[in-house]
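*Asks:* Have a look at this one before I ask anything.
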Amino acid sequence: MLALLVIVLAVVACLSPWLKNRWQYRHIPGPFALPLIGNLVPIMRMGLHEYMMQCRLRYGTVFKLYLGKSMLLVTADPDLARKLNYRMINRVIQGQLQLNDDDKINSQGLVVARDDSWRMLRLAWQPTFQSGSLEGYADLMDSSAQQLAQHLRQTADSGEPVDIWRELGRMTLHVVGSTAYGVDFHTLEHDSSSGAAAEGVELMNACQTVFAAGSITRGSIYILLNTIIPLPQLVGWAARTMPDKRIIKLIQARRTIRAVSMDLINKWRAAHPAADAAAANGTANGLATGTAHGVAASTETPM
């Protein structure tokens, strides 16, 4: 009898946040969702992007769906999305599995940071995304796009099939290397003879592994369980204790990305000591100002 009572209480504890959430957002349209599983069945069958496209056609520009236990509010209105990103200081993002101590840094990024930490990060990063700053990278981005177009033209002339998703990934990494690190990874040339190109290939393979092994539809079983079971610490412990092949690949790929990125950052700092000192000073000033502004805003505006 006691065991049955414990099971019933556990089920109620798992379902009560879901039921409360369903009632609170009942006015927002969306597809029917099962408890805990949510809309994972059609998402697994169709893919998240295709499923969202169908929901957009059926329910309009604003709708909800359930990614397992977590509800997603989706908007296909660019103006509304811009306002939400600007005004939503605290947002609940389903976190990644904590597979090792290094993964704690994932909870400190701009997308998942909260309160004063978010304000400080946003103020420090905001100048980078101003139109004047982005304009300085336009030529580099245009050059990458032109190289991709040239490669696709040659492939089309030869009549060979091409994986456009992979090619766009190569171009993205080429843009990141040239704009963020000042390094040409030669990913669009499919050339790995130089040191920078070798790092580019290593990064590209690691990024592809992260997207594949960390995917809900194609990744590790623990990624799927993390979307269903409301005990992320338990799922993380199980993944660390009994990792499957995809989790092992995911851990290795994350370490590769972190190691190569830090190596590139250190090389850039060594080559540009004056610029590095100025950037550090500007970031520190931005963080200090962000703290002051954040505290002031929190006392004036109720959250």
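*Asks:* Within segment 163-171, does at least one residue satisfy the condition of being under 19 Å from Cys207 (Cα atoms) and among the β-branched types (Val, Ile, Thr)?
*Replies:* The answer is yes, given that some residue of segment 163-171 is under 19 Å from Cys207 (Cα atoms) and among the β-branched types (Val, Ile, Thr).
*Asks:* Any residue that is modelled with pLDDT under 85 and open to solvent by 80 Å² or more (accessible area, probe 1.4 Å) - is there at least one of those in segment 275-291?
*Replies:* yes
*Asks:* Which residue, of Val201, Val183, is surrounded by 14 or more Cβ atoms within 10 Å (Cβ to Cβ), more than 28 Å from Ser220 (Cα to Cα) and β-branched (Val, Ile, Thr)? Quick ask: steps written out before the conclusion?
*Replies:* Values: Val201 fails: more than 28 Å from Ser220 (Cα to Cα).
Among Val201, Val183, only Val183 is surrounded by 14 or more Cβ atoms within 10 Å (Cβ to Cβ), more than 28 Å from Ser220 (Cα to Cα) and β-branched (Val, Ile, Thr).
*Asks:* Sticking with this structure for a sec: Could you tell me whether segment 43-57 includes any residue that is more than 22 Å from Arg218 (Cα to Cα), charged (D, E, K, R) and more than 21 Å from the chain's Cα centre (by Cα)?
*Replies:* For segment 43-57, residues more than 22 Å from Arg218 (Cα to Cα), charged (D, E, K, R) and more than 21 Å from the chain's Cα centre (by Cα): present.
*Asks:* Now a separate question. Of (1) touching a residue at least 24 places away in the same chain (Cβ under 8 Å); (2) over 30 Å from Val41 (Cα atoms), Thr217 satisfies all except one. Which?
*Replies:* Tallying (1) touching a residue at least 24 places away in the same chain (Cβ under 8 Å); (2) over 30 Å from Val41 (Cα atoms), Thr217 fails exactly one: (2).
*Asks:* If the Cβ limit is 6 Å and pairs must be 6+ apart or interchain, which residue in segment 142-155 that is under 11 Å from Leu188 (Cα atoms) and acidic (Asp, Glu) pairs with which residue that is assigned to a helix (DSSP H, G or I) and modelled with pLDDT of 90 or more?
*Replies:* That search, which allows pairs on different chains as well, returns nothing.
*Asks:* Hey, can you tell me all the residues within segment 20-31 that are surrounded by 12 or more Cβ atoms within 10 Å (Cβ to Cβ) and of a type in the set (A, V, I, L, M, F, W, C)?
*Replies:* The answer is Ile28, and nothing else.
*Asks:* Let me ask something else about it. Taking into account only those residues within segment 121-170 that are aliphatic (A, V, I, L, M) and touching an Asp or Glu at 6+ places or on another chain (Cβ under 9 Å), which is most open to solvent (accessible area, probe 1.4 Å)?
*Replies:* The selected residue is Leu152.
*Asks:* If I filter segment 234-257 for residues that are modelled with pLDDT of 80 or more, within 29 Å of Met120 (Cα to Cα) and open to solvent by 50 Å² or more (accessible area, probe 1.4 Å), do I get at least one hit?
*Replies:* yes
*Asks:* If you don't mind, another one. Of the residues Leu48, Leu34, Leu80, Leu97, which single one is open to solvent by less than 90 Å² (accessible area, probe 1.4 Å), closer than 30 Å to Ala259 by Cβ and modelled with pLDDT of 85 or more?
*Replies:* Working: Leu34 fails: closer than 30 Å to Ala259 by Cβ; Leu80 fails: closer than 30 Å to Ala259 by Cβ; Leu97 fails: modelled with pLDDT of 85 or more.
Just a single option satisfies the conditions, and that option is Leu48.
The values are calculated or read from the model by the stated rules, or taken from the named source; none is laboratory data. From a predicted model like this one, the values you see are computed outputs, not experimental measurements. Note that each Cβ is placed from the backbone with ideal geometry, even for glycine, and that neighbours are counted across all protein chains shown. Ligands, DNA and RNA are excluded from the accessible area calculation, which covers all protein heavy atoms including side chains. Shrake-Rupley method; radii C 1.70, N 1.55, O 1.52, S 1.80 Å.
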